[in-house]
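Let me begin by presenting the structure, written as structure tokens, before commenting on it.
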Amino acid sequence: MDELSGTEIIIRTLIDLDVDTVFGYPGGAVLPIYDLLFSDGRIRHIQVRHEVAAAHAAEGYARSTGRPGVVLVTSGPGVTNLVTPFTDAMMDSIPVIVLSGQVPTHLIGTDAFQECDTVGITRHCTKHNYLVKHGSRLAQTIHDAFRVATLGRPGPVLIEIPKDVQVALAPYDSGTVRQLTHCSRPVASTRSSPGLARRCPRPHRRPSYQPNRRPVAVELVRNSARNRSLIEPRRGLQRMLALRVGQTLHQIEGCSGGQVRNDLAGSLVLARQRARDRTRLAHPVHRE
């Protein structure tokens with residue numbers, strides 16, 4: 001078992017996961033990672049002019065390649081600039097891995113320079129986030145992050161790495177890492193490795209959410225709101241399959257005459273309005 005610095009573990013793990021491109025913007029809390037990233041040379045780094053551009057570029061990379069996009073930013077304002085891209089990737093189900101720096105562990109929570117509650121800020125707009133406090137957990141955490149970001153419904157995952165963890169030595173078992181890479185490599189597309197799907201065991205789970213592939217029934221319902229000739233076929237399909245149909249405010253206000261009519265039993269009619277009415281009944285406002 002070898003002892004490597006935290007930055008060496010990060011770079012080796014990314015290479016084991018076949019990461020070839022990283023988008024980022026340098027900062028003080030991630031300079032050790034940047035030093036090794038450029039000296040190693042096996043991972044291409046694309047420097048942007050703002051952290052938001054890095055995350056959106058990673059989203060485009062994930063969309064075009066089917067692989068998770070990787071972002072590297074510094075602590076404090078560097079990672080807080082990513083709240084909008086986090087939310088965008090969460091809403092559009094795009095796998096993005098963000099590696100962010102952080103002040104040394106003993107300064108977390110002391111209002112140090114460029115220190116903030118990254119985990120708390122990003123908790124609502126990420127699929128999961130990690131704060132790594134021990135270098136021995138770095139490789140396993142990065143593998144877990146790739147797995148979480150790609151399995152089920154994809155989404156963004158944040159890994160926060162304090163500066164002292166980046167430079168401290170930690171044990172690194174290459175055999176264990178190879179086993180993790182072999183059995184749980186979280187790549188959405190297997191075009192680059194055709195034998196991957198045959199080698200790795202497939203757990204019994206629901207298929208991955210694919211936002212660009214909508215069922216035919218959904219397309220029929222969507223189009224029936226715009227084309228009057230499709231309203232009757234849609235109603236027949238709804239009766240045959242006992243489908244529940246709900247209206248959006250856009251369909252009600254902007255598609256008059258062609259919107260989905262709630263003339264069948266079981267249809268959902270303005271669920272939000274009903275929930276608001278129930279809340280008002282349960283908690284009446286008393287005015288003097």
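The values are calculated or read from the model by the stated rules, or taken from the named source; none is laboratory data. For clarity, every value in this text was computed on a predicted model and none was experimentally measured. As a convention, Cβ positions derive from the backbone with ideal geometry for all residues, glycine included, and neighbour counts pool all protein chains shown. The protein model used for the area step is the full one, side chains on, heavy atoms only, and it has no ligands, DNA or RNA in it. Shrake-Rupley method; radii C 1.70, N 1.55, O 1.52, S 1.80 Å.
Test E8 against the stated conditions and say whether it is under 17 Å from L169 (Cα atoms), in contact (Cβ under 8 Å) with a residue 12 or more places away in the chain, assigned to a strand (DSSP E or B) and open to solvent by 60 Å² or more (accessible area, probe 1.4 Å). Reasoning before the result, please.
Values: under 17 Å from L169 (Cα atoms): yes; in contact (Cβ under 8 Å) with a residue 12 or more places away in the chain: yes; assigned to a strand (DSSP E or B): no; open to solvent by 60 Å² or more (accessible area, probe 1.4 Å): yes.
Considered against the rule, which asks whether it is under 17 Å from L169 (Cα atoms), in contact (Cβ under 8 Å) with a residue 12 or more places away in the chain, assigned to a strand (DSSP E or B) and open to solvent by 60 Å² or more (accessible area, probe 1.4 Å), E8 comes out as no.
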Does region 74-82 contain any residue that is surrounded by fewer than 24 Cβ atoms within 10 Å (Cβ to Cβ), among the hydrophobic types (A, V, I, L, M, F, W, C), more than 13 Å from P162 (Cα to Cα) and at pLDDT 90 or above?
-> no
Among the residues of region 131-176, how many are within 18 Å of M90 (Cβ to Cβ), open to solvent by less than 10 Å² (accessible area, probe 1.4 Å) and not in a strand (DSSP E or B)?
-> 4
Only one of (1) in contact (Cβ under 8 Å) with a residue 40 or more places away in the chain; (2) within 24 Å of V148 (Cα to Cα); (3) touching a helix residue (DSSP H, G or I) at 6+ places or on another chain (Cβ under 9 Å) fails for T87. Which number is that?
-> (1)
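Before we move on, is T122 at pLDDT below 95, open to solvent by less than 30 Å² (accessible area, probe 1.4 Å), outside any strand (DSSP E or B) and of a type in the set (S, T, N, Q)? Outline the logic, then answer.
Details: at pLDDT below 95: yes; open to solvent by less than 30 Å² (accessible area, probe 1.4 Å): yes; outside any strand (DSSP E or B): yes; of a type in the set (S, T, N, Q): yes.
Answer is yes for this residue.
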Taking region 19-47 as the region of interest, how many residues are assigned to a helix (DSSP H, G or I) and either open to solvent by less than 30 Å² (accessible area, probe 1.4 Å) or more than 20 Å from K163 (Cβ to Cβ) (or both)?
-> 6
Kindly check whether there is at least one residue in region 101-115 that is modelled with pLDDT of 95 or more and of a type in the set (A, V, I, L, M, F, W, C).
-> no
Of the numbered conditions (1) closer than 16 Å to V96 by Cα; (2) at pLDDT below 95; (3) open to solvent by 40 Å² or more (accessible area, probe 1.4 Å); (4) among the small types (G, A, S), A53 satisfies every one except a single condition; which is it?
-> (2)
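Going by what's in this entry, would S64 be described as over 24 Å from T150 (Cα atoms), open to solvent by 10 Å² or more (accessible area, probe 1.4 Å) and free of Cβ contacts under 8 Å to residues at least 12 places away in the same chain? Steps first, answer last, please.
On the way: over 24 Å from T150 (Cα atoms): no; open to solvent by 10 Å² or more (accessible area, probe 1.4 Å): yes; free of Cβ contacts under 8 Å to residues at least 12 places away in the same chain: yes.
No.
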Looking only at region 70-118, and only at residues there that are among the polar types (S, T, N, Q) and in a loop (DSSP other than H, G, I, E, B), the one that is nearest to the chain's Cα centre (by Cα) | S93
Restricting the search to region 227-243, which residues are of a type in the set (K, R), modelled with pLDDT of 70 or more and open to solvent by 30 Å² or more (accessible area, probe 1.4 Å)?
-> R239
